[in-house]
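The values are calculated or read from the model by the stated rules, or taken from the named source; none is laboratory data. Keep in mind that this is a model prediction, so the values were computed, not measured. Ideal geometry is used to build each Cβ from the backbone, glycine not excepted, and the neighbour counts take in all protein chains shown.
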Amino acid sequence: MRLIQCLHEDRLHAALVEDETTVRLADADTYHLACDAMASGRSFVDVVEARLTDTRLDYAELIEAGRLMPPLTHPDPAHCLVTGTGLTHLGSADTRSAMHAKAQADEEDLTDSMRMFKLGVENGKPATGEVGAQPEWFYKGDGDCVVAPEAPLPSPAFAQDGGEEPELAGLYLIDDQGRPRRLGFAVGNEFSDHVTERFNYLWLAHSKLRACSFGPELFIGTLPGHLEGVSRITRDGETLWQKPFLTGEDNMAHSLANLEHHHFKYPGFRRPGDVHVHFFGTATLSFADGIQPREGDRFEIEIPAFGRPLRNPLTRETADDGATVSPL
């Protein structure tokens, strides 16, 4: 099952993707359908199916009219937390071989990044019931940093770069007992400032605090272990850069369960009613190939199993003096 969210008659609705051209509206948004499932003890899929209406909409027309929304949102954006983990993916066979060769170096010669990656390779997929290596973790923002599919991704005026990060994102809702409940997965563009990060790894946090996007579809069901996608950048209608990428647990140093454990082990991330969007990392970046995106370029990230691609044009924000502090 795959769901989107869209605006219809000034209300936010979830909608079932019936095929490439048609979606069928539910009578509520994704958040409230999930709350219904938790309160009733029924599965999310059962609740969605029970609350579908007879209204069908043209998928392409929703996109054209700008009515496509992220597939999961919280009514109060402050109660949606957007986070992620890095150094999680093995990458292509060549990259994996190179990384493993470097991981054989003397411990004192390893960078912090390579040491973190090595920990994941060695103990990122523990046996069931055991806790594995702790991954890199970062915070992106609350729900206000989430940009709808097809909408512009803003790069701050102070940014030195704005580049895509094609990733898998897990979407969660915390139930009344404080337990994380996974609704499903979506294609994500985690969008970062790689020039800032490259200057000094301690600036990683600064490079992540900005917009992102995910969707347009929420994938509900068992996640395949191996997923293949394509990330591309178009400029003036032409493909500027394009590269395949791999994700899914078969292509990761960590299991999803291990990454989820190390995020939700903190009580502050288990507040009943909160939504979480958690990015699981990538091994493919246009930045690594020397690409410098500019305003008007469009990022396109596609995993066929997840339906339509995630597309967002890049825009640059103008200077903002809102950070100036004055005495009260």
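Take Gly322 and tell me if it is on the phi > 0 side of the Ramachandran plot and loosely packed, with under 15 Cβ neighbours inside 10 Å. No; evaluated as a whole, the condition is false for this residue.
Condition check ((1) modelled with pLDDT of 95 or more; (2) in contact with a Cys (Cβ under 8 Å, 6 or more places away or on another chain); (3) among the aliphatic types (A, V, I, L, M)) across all residues:
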{"residue": "Ala14", "(1), (2), (3)": "yes, no, yes"}
{"residue": "Val23", "(1), (2), (3)": "yes, yes, yes"}
{"residue": "Asp29", "(1), (2), (3)": "yes, no, no"}
{"residue": "Tyr59", "(1), (2), (3)": "yes, no, no"}
{"residue": "Glu64", "(1), (2), (3)": "yes, no, no"}
{"residue": "Leu68", "(1), (2), (3)": "yes, yes, yes"}
{"residue": "Pro71", "(1), (2), (3)": "yes, no, no"}
{"residue": "Cys80", "(1), (2), (3)": "yes, no, no"}
{"residue": "His89", "(1), (2), (3)": "no, no, no"}
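Note on region 128-181: among residues that are β-branched (Val, Ile, Thr) and within 12 Å of the chain's Cα centre (by Cα), the one that is surrounded by the most Cβ atoms within 10 Å (Cβ to Cβ) is Val146. Residues considered: Thr234, Thr247, Thr222. Of these, the only one that is among the polar types (S, T, N, Q) and out of contact with any Asp or Glu (no Cβ under 9 Å at 6 or more places or on another chain) is Thr222. Taken over region 146-192, the residue count meeting the criterion of being touching a Gly at 6+ places or on another chain (Cβ under 9 Å) and part of a loop (DSSP other than H, G, I, E, B) is 10.
Residues checked against (1) buried (at least 16 other Cβ atoms within 10 Å of the Cβ); (2) among the β-branched types (Val, Ile, Thr); (3) not assigned by TED's automatic domain parsing to the domain that holds Glu150:
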site: Val23; (1), (2), (3): yes, yes, yes
site: Ala28; (1), (2), (3): yes, no, yes
site: Leu33; (1), (2), (3): yes, no, yes
site: Met38; (1), (2), (3): yes, no, yes
site: Ser43; (1), (2), (3): no, no, yes
site: Arg56; (1), (2), (3): no, no, yes
site: Glu61; (1), (2), (3): no, no, yes
site: Glu64; (1), (2), (3): no, no, yes
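Please determine, by comparing only the residues of region 268-294 that are without any contact (Cβ under 8 Å) to a residue 60 or more places away in the chain and part of a helix (DSSP H, G or I), which one is surrounded by the fewest Cβ atoms within 10 Å (Cβ to Cβ). Among those residues, the one meeting the criterion is Gly268. Scanning region 1-53 for residues that are in a loop (DSSP other than H, G, I, E, B) and touching a residue at least 24 places away in the same chain (Cβ under 8 Å) yields a count of 7. Does Leu110 satisfy the condition of being over 30 Å from Cys35 (Cα atoms) and either surrounded by 18 or more Cβ atoms within 10 Å (Cβ to Cβ) or at pLDDT 90 or above (or both)? So Leu110 does not fit the description; no.
Residue-by-condition table, conditions (1) in contact with a helix residue (DSSP H, G or I) (Cβ under 7 Å, 6 or more places away or on another chain); (2) aliphatic (A, V, I, L, M); (3) at pLDDT 95 or above; (4) farther than 30 Å from Glu61 by Cα:
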{"residue": "Ala157", "(1), (2), (3), (4)": "no, yes, no, yes"}
{"residue": "Gly184", "(1), (2), (3), (4)": "no, no, yes, no"}
{"residue": "Ser192", "(1), (2), (3), (4)": "yes, no, yes, yes"}
{"residue": "Thr196", "(1), (2), (3), (4)": "yes, no, no, yes"}
{"residue": "Phe199", "(1), (2), (3), (4)": "no, no, no, yes"}
{"residue": "Leu204", "(1), (2), (3), (4)": "yes, yes, no, yes"}
{"residue": "Leu223", "(1), (2), (3), (4)": "no, yes, yes, no"}
{"residue": "Arg232", "(1), (2), (3), (4)": "no, no, yes, no"}
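The residue list Gly322, Gly229, Gly268, Gly307 contains one member that is of a type outside the set (D, E, K, R), within 17 Å of the chain's Cα centre (by Cα) and under 30 Å from Pro75 (Cβ atoms), which is Gly307.
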